[in-house]
Amino acid sequence: MTEKQKDALQLLLAKSYWSESDARQFLSIWKRNGMILSHFCREYGVSYKRAARWRHKLQKNVQTPDFVQVDLPGDKVMHQVCPDPIEIVLTNGRSVRVLPGFDDESLCRVLSIAETGSCG
């Protein structure tokens, strides 16, 4: 964790009430840290209930489209060779359709974004 993030976290910990902006900042610091939320909260003295409640509240406010079609270069060639896409239904209800032969690394990035609803 950078010094800037540590300073921001200390300011947040001193507050008895978090605004939505405060909660977003806390969750952003937590995500960059890579720890499980409960472990992060325990290590920095934050109520897990407080952090989990804000995470849930902010996730509910995110509006995501039901389905977004993405056209990739060479897509038409793949449709001619193999017209049946593979559909992956995620635990959050979103689904991703890819054609056989889709790049593994790109698929992992797409699935990660579809699961979290965030690019960063």
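Just to be sure I understand the filter: pairs with C-beta atoms under 8 Å, separated by 6 or more residues or on different chains, first member in segment 1-17 and touching a residue at least 12 places away in the same chain (Cβ under 8 Å) and within 21 Å of Lys49 (Cβ to Cβ), second member exposed (fewer than 10 other Cβ atoms within 10 Å of the Cβ) and not hydrophobic (A, V, I, L, M, F, W, C). Which pairs pass?
Close Cβ pairs satisfying both conditions: Leu13/Gly45.
Check Leu13, Leu9 and return the single one that is out of contact with any Lys or Arg (no Cβ under 9 Å at 6 or more places or on another chain), at pLDDT below 85, open to solvent by 30 Å² or more (accessible area, probe 1.4 Å) and assigned to a helix (DSSP H, G or I).
Of Leu13, Leu9, the one residue that is out of contact with any Lys or Arg (no Cβ under 9 Å at 6 or more places or on another chain), at pLDDT below 85, open to solvent by 30 Å² or more (accessible area, probe 1.4 Å) and assigned to a helix (DSSP H, G or I) is Leu13.
For Arg94, work out the one condition from (1) out of contact with any helix residue (DSSP H, G or I) (no Cβ under 7 Å at 6 or more places or on another chain); (2) modelled with pLDDT under 85; (3) open to solvent by less than 100 Å² (accessible area, probe 1.4 Å) it doesn't fulfil.
(1)
Tell me, yes or no, whether segment 70-79 has at least one residue that is surrounded by 13 or more Cβ atoms within 10 Å (Cβ to Cβ), at pLDDT below 85 and assigned to a helix (DSSP H, G or I).
Within segment 70-79, one or more residues are surrounded by 13 or more Cβ atoms within 10 Å (Cβ to Cβ), at pLDDT below 85 and assigned to a helix (DSSP H, G or I).
Name the single residue that is least open to solvent (accessible area, probe 1.4 Å) among those in segment 16-57 being of a type in the set (Lys, Arg) and under 22 Å from Thr116 (Cβ atoms).
This residue is Arg50.
The values are calculated or read from the model by the stated rules, or taken from the named source; none is laboratory data. Please read these numbers as outputs of a predicted model, since none were measured by experiment. So basically every Cβ, Gly included, is an ideal-geometry build from the backbone, and we count neighbours across all protein chains shown. Remember, those area values only see protein heavy atoms, side chains included, never the ligands or the DNA or RNA. Shrake-Rupley method; radii C 1.70, N 1.55, O 1.52, S 1.80 Å.
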